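Structure record follows, encoded as structure tokens.
The values are calculated or read from the model by the stated rules, or taken from the named source; none is laboratory data. Quantities reported herein were computed from a predicted structural model and do not represent experimental measurements. Using ideal geometry, Cβ is built from the backbone for each residue, glycine included, and neighbour counts are taken over all protein chains shown.
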Amino acid sequence: MADAGRKDFLTKAQEELTPDSTKSQQDKIGEAFTDTKDRIARGAQPDDSKGTAQKVFDKGQRASDNNSGGATQTIGEKVKGALGMDTK
């Protein structure tokens with residue numbers, strides 16, 4: 001179970017498992033927005049005030065962001081990526 005104001009684990013898993021090719025543009029933009037909002041909430045709340053599951057999940061997400069550059073992308077870059085407009 002996710003902490004209050006955070007993206008639910010089941011929702012996040014569904015988004016990750018659903019191929020982008022089956023998502024609408026609106027779904028992709030919505031996911032980019034809610035992912036960014038969740039990252040902000042994740043950073044604003046200290047780990048010691050999170051539930052155990054949320055703390056473990058956040059550590060995994062931080063590691064993933066650091067490896068993929070997701071933490072440094074702006075919301076505009078995320079939306080462009082979601083729409084496939086980030087290729088040069």
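Search the stretch 53-65 for residues that are in a helix (DSSP H, G or I) and pair each with any residue that is aromatic (Phe, Trp, Tyr) when their beta-carbon atoms are under 9 Å apart and the residues are at least 6 apart or on different chains.
What qualifies is 53/9; 54/9; 57/9.
Would you please name the residue that is surrounded by the fewest Cβ atoms within 10 Å (Cβ to Cβ), looking only at residues in the stretch 1-26 that are under 13 Å from the mean Cα position of the chain (by Cα) and of a type in the set (D, E, K, R)?
So, considering only residues that are under 13 Å from the mean Cα position of the chain (by Cα) and of a type in the set (D, E, K, R), the one surrounded by the fewest Cβ atoms within 10 Å (Cβ to Cβ) is 16.
Report every pair of residues separated by at least 6 positions or lying on different chains whose Cβ atoms are under 7 Å apart, first residue within the stretch 19-30 and within 10 Å of residue 83 (Cα to Cα) and in a helix (DSSP H, G or I), second small (Gly, Ala, Ser) and modelled with pLDDT under 95.
So the pair list comes out as 28/82; 29/82.
Regarding the stretch 50-60, can at least one residue be identified that is modelled with pLDDT under 90 and within 16 Å of residue 15 (Cβ to Cβ)? Break it down stepwise before answering.
Quick first cut of the stretch 50-60, residues modelled with pLDDT under 90 only: 50-60.
Then keep just the ones that are within 16 Å of residue 15 (Cβ to Cβ); that gives 57, 60.
Within the stretch 50-60, one or more residues are modelled with pLDDT under 90 and within 16 Å of residue 15 (Cβ to Cβ).
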